[in-house]
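Data first, discussion second: the structure below is written as structure tokens.
The values are calculated or read from the model by the stated rules, or taken from the named source; none is laboratory data. All values derive from a computational prediction rather than experimental measurement. Counting neighbours? That spans all protein chains shown, and the Cβs are built from the backbone with ideal geometry, glycine included. Side chains are part of the model used for accessible areas, which takes the heavy atoms of the whole protein and leaves out ligands, DNA and RNA. Shrake-Rupley method; radii C 1.70, N 1.55, O 1.52, S 1.80 Å.
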Amino acid sequence: MIRKAWWKILSFLLLMYVCSYGFLVEIPKLDDRLQESIRNFFFHVPMWFAMMILLGVSVVYAIKYLRGSKPIHDHYSVAFAITGTIFGFLGLATGAIWANYQWGSPWSGDPKQNGAAIAMLIYLAYFVLRGSMNDEEKKARIGAVYNIFAFFMLFPTLWILPRLTESLHPGGEGSEGNPGLNGKDMDSNMRSVFYPAVIGWTLLGVWISTLRIRYEIIKEQRLTHE
């Protein structure tokens, strides 16, 4: 039993470590640009990492479904898409809290904020699209095609377009000197929390997804036996 659940235990331990030591670890001063708000880096950024990984897994299973039309692949694709979208909204929420302290407003119309909101709306449309159809096979097939489109839209909205315009986030044109955080600003103390946070949040997302998959399988089995 423990052998099968080791990664769940690891997720719990890592997140306990992040949620405790993340508020105690000594942080770099960075000329007082970020002060104590830099600790949000252990939550905001890892949630985006987890989102990308979970949505990546979702699109892999969407492709598998299109190749083999196995319902289990659709269950996996939907479950990971739901969890990934939840982490995306958590990333938006933690980012808004950080922006309020750092930039004076939770939403400043920054290109990356706008791009992230558009990306999440695209994924919400995915669930609306699926909910609008009753035929399960048609729902799964059209949903899989849209899922692939939604995933690849993450790259222009989150990674490409925000870097082509002025942005308060690191990496955008004209962002030099703005109160942002670069990877170079992380010292060894921050890395000792940041990397476990990425792994911990990602494993938590996988854990949540597997619970939903088990629920869908059980529900399908009950309908079959009725």
Compute the helix-to-body angle for 188-225: its Cα long axis versus the longest principal axis of the chain, expressed 0 to 90° and rounded to tens. 20 degrees
Compute the distance in nm between two label points, each set 7 Å from the Cα along the Cα-to-Cβ direction, one at Tyr21 and one at Arg212. 3.1 nm
Taking a 1.4 Å probe, which of Ser20, Ser11, Ser37 shows the most accessible area, and what order do the others take after it? Ser20, Ser37, Ser11
Please give the helix 6-21 orientation as an angle from the longest Cα principal axis of the chain, in degrees from 0 to 90, rounded to the nearest 10. 30 degrees
Measure nothing but the geometry: give the 0 to 90° angle between the long axis through the Cα atoms of 71-102 and the longest principal axis through the Cα atoms of the chain, rounded to 10°. 20 degrees
Cα gyration tensor of region 1-123, axes a ≥ b ≥ c as square roots of the eigenvalues: rounded (a/c below 1.5), prolate (a/b > b/c) or oblate? oblate
Volume in Å³ per residue [convex hull over Cα atoms, computed for the chain]: 138 Å³
Lys8, Lys70, ranked by accessible area, largest first (probe 1.4 Å): Lys70, Lys8
Using a 1.4 angstrom probe with every protein chain in place, what is the largest-first accessible-area order of Arg212, Arg67? Arg67, Arg212
Quickly estimate the mean residue ellipticity at 222 nm for the chain, helices only: each DSSP H run with n ≥ 4 gives -39500 (n - 2.57), and the total goes over all residues, rounded to 500. -24000 deg cm²/dmol
Relative contact order of region 10-105, defined on C-alpha pairs under 8 angstrom at six or more residues apart (%): 31 percent
